[in-house]
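The values are calculated or read from the model by the stated rules, or taken from the named source; none is laboratory data. A quick note: this is a predicted structure, and the numbers were derived from the prediction, not measured. Heads up, the Cβs are rebuilt from the backbone with ideal geometry, glycines too, and the neighbour counts pull from every protein chain shown.
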Amino acid sequence: MAASKYFPGIPSDWSETSIRTANDQLHIRIWYKKNLSNNVRTLLLVHGQAEQSDRYTHFPFYLHQNIDCIFAADLPGHGMSKGI
């Protein structure tokens, strides 16, 4: 299930991109400030059972003062990742 439509979107000074691992198994979503400095404060999210990275799209809105970059992977069989 995706995040609630009532959650805030990412701040205007942030971007979002998605990548897949080399073997095309894992889908990884990355939110980051557009103008990153040399000291990047990064948060790595690991979701729980029956969750997916899409449920965390509101995190940049709430953490933008403390975090510069957020990585969230869909574990195998969840969200847009392959597997069981």
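Side notes on the structure shown:
- Trp31 vs. criteria among the hydrophobic types (A, V, I, L, M, F, W, C) and in contact with a Lys or Arg (Cβ under 6 Å, 6 or more places away or on another chain): no
- Scanning segment 1-38 for residues that are at pLDDT 85 or above and in contact with an Asp or Glu (Cβ under 8 Å, 6 or more places away or on another chain) yields a count of 12.
- If only residues of segment 20-68 that are within 19 Å of Phe7 (Cα to Cα) and of a type in the set (A, V, I, L, M, F, W, C) are counted, the one that is surrounded by the most Cβ atoms within 10 Å (Cβ to Cβ) is Trp31.
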